[in-house]
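First the structure, in the form of structure tokens, and then the observations on it.
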């Protein structure tokens, strides 16, 4: 029996929601249905709101420390859901995953160093590298005929040189929703360990594995992986409170952890605000029933998109994600240029999606669709595209 109403539509306009109130600046018009930014249209669950309200009822919001039980709540969740027995000493609060990535870049690499990404991939990785004076090295994913990607290890070996210091892994992958298997992660770890390359594993979508897929933390696949990895996670995607900045790092290797966490502490990046850790603890102690219902709803939304494209949009193929609420739409069958594809979605269909080229040239011809929304909104968006 369902306990949560994912069909309820909520008006977010005028709430300073980036997804809605930045449309004019981003797309040149404000009359679009926003299906882009990776937060969901569902109410943040009641147990999180209640935990926040309890703290709001106290009239003083001064300097704060992490609440008792914060680290153990994360450790219990990670072990119960992903089979990784994490020591609480391995965990640190961080103010967002992208800020965590940038922190690693600044702490553990030098200006001019090379950092590897695997496009098409989450675009802030590239921005963080370039903006911090490092060089981007691309190890593009290889497209397979069955609407999926795999890693290209031969190409990876060919681009590695002595200046490559870091690889940023999207696990599960954004935008394609890939749940990387253990053999792939193990091979990646072996190559990076052999070449002295550290790995950042962005695992923010790990709790949204779909269709019975199981997320595998990169650090768990081998001794080599554990020695070279920094893992970032957060409950913010799964429980829809991205506006409360609350993420965490896990580093099992003693020397790597000491080096990175000392830098975090010196810059006070391990210091929380009042509300993020409270929401995190509520999510990880009370959130499992909500998460299960959410996943079932998202899976039905994905099926809806797949069926709709087959029936009404034959030039568009929806690649089924193994994780997350983001669907990678292959629009190459429409035969449009990049500019033509943008014009179709924005000016004719009045939809705001992330265009695939944003994730690297390998994403050209694709669009990323956010299906974390009530079914009626999704249906209206697809109808706009069909018309």
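The values are calculated or read from the model by the stated rules, or taken from the named source; none is laboratory data. It should be emphasised that the depicted structure is a prediction, and the values quoted were computed from it without experimental measurement. Please note: Cβ atoms are built from the backbone with ideal geometry, for glycine as well, and neighbour counts cover all protein chains shown.
How about the stretch 368-377: which of its residues are over 19 Å from residue 322 (Cβ atoms) and surrounded by 20 or more Cβ atoms within 10 Å (Cβ to Cβ)? Working first, answer last.
First, pick out the residues of the stretch 368-377 that are over 19 Å from residue 322 (Cβ atoms): 373-377.
Scanning the stretch 368-377 gives a single hit, 373.
Going through the stretch 345-357 one residue at a time, which ones are under 15 Å from residue 315 (Cβ atoms) and in contact (Cβ under 8 Å) with a residue 24 or more places away in the chain? Before you say what the answer is, go through the steps one by one.
Taking the stretch 345-357 first, the residues under 15 Å from residue 315 (Cβ atoms) are 345, 348-349, 356.
Matches in the stretch 345-357: 345, 349, 356.
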Practice problem: Would you be able to say whether some residue in the stretch 61-70 is assigned to a helix (DSSP H, G or I) and either over 30 Å from residue 369 (Cβ atoms) or in the same structural domain as residue 269 (by TED's automatic domain parsing) (or both)? | Solution: yes
Among the residues of the stretch 141-161, the number that are out of contact with any strand residue (DSSP E or B) (no Cβ under 9 Å at 6 or more places or on another chain) and part of a loop (DSSP other than H, G, I, E, B) is 2
Discussion item. Could you go through the stretch 337-344 and let me know if any residue there is buried (at least 18 other Cβ atoms within 10 Å of the Cβ) and either at pLDDT below 95 or closer than 27 Å to residue 171 by Cβ (or both).
Written reply: no
Only unsatisfied item for residue 177, checking (1) outside any helix (DSSP H, G or I); (2) in contact with a helix residue (DSSP H, G or I) (Cβ under 8 Å, 6 or more places away or on another chain); (3) under 16 Å from residue 218 (Cα atoms), is (2)
How many residues of the stretch 1-38 are in contact (Cβ under 8 Å) with a residue 40 or more places away in the chain, in a loop (DSSP other than H, G, I, E, B) and surrounded by 15 or more Cβ atoms within 10 Å (Cβ to Cβ)? The answer is 7
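Which residues, taken from the stretch 242-274, are in a loop (DSSP other than H, G, I, E, B) and over 29 Å from residue 61 (Cβ atoms)?
Residues satisfying the conditions are 251, 252, 253.
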Within the stretch 215-234, residues being without any contact (Cβ under 8 Å) to a residue 60 or more places away in the chain and either assigned to a loop (DSSP other than H, G, I, E, B) or over 19 Å from residue 184 (Cβ atoms) (or both) number 2
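Quick check, is residue 357 surrounded by 15 or more Cβ atoms within 10 Å (Cβ to Cβ), outside any loop (DSSP other than H, G, I, E, B), touching a helix residue (DSSP H, G or I) at 6+ places or on another chain (Cβ under 9 Å) and assigned by TED's automatic domain parsing to the domain that holds residue 124?
Values: surrounded by 15 or more Cβ atoms within 10 Å (Cβ to Cβ): yes; outside any loop (DSSP other than H, G, I, E, B): yes; touching a helix residue (DSSP H, G or I) at 6+ places or on another chain (Cβ under 9 Å): yes; assigned by TED's automatic domain parsing to the domain that holds residue 124: no.
Considered against the rule, which asks whether it is surrounded by 15 or more Cβ atoms within 10 Å (Cβ to Cβ), outside any loop (DSSP other than H, G, I, E, B), touching a helix residue (DSSP H, G or I) at 6+ places or on another chain (Cβ under 9 Å) and assigned by TED's automatic domain parsing to the domain that holds residue 124, residue 357 comes out as no.
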Taking the stretch 192-235 and keeping residues surrounded by 24 or more Cβ atoms within 10 Å (Cβ to Cβ) and out of contact with any helix residue (DSSP H, G or I) (no Cβ under 8 Å at 6 or more places or on another chain) leaves 205
Within the stretch 305-337, residues touching a helix residue (DSSP H, G or I) at 6+ places or on another chain (Cβ under 6 Å) and more than 19 Å from residue 384 (Cβ to Cβ) come out as 323, 324, 325
Residue 52: passes all of (1) within 19 Å of residue 288 (Cα to Cα); (2) in a helix (DSSP H, G or I); (3) touching a strand residue (DSSP E or B) at 6+ places or on another chain (Cβ under 9 Å) but (3)
Looking across the stretch 299-335 at residues that are closer than 23 Å to residue 206 by Cα and without any contact (Cβ under 8 Å) to a residue 60 or more places away in the chain, the single one that is surrounded by the fewest Cβ atoms within 10 Å (Cβ to Cβ) is 303
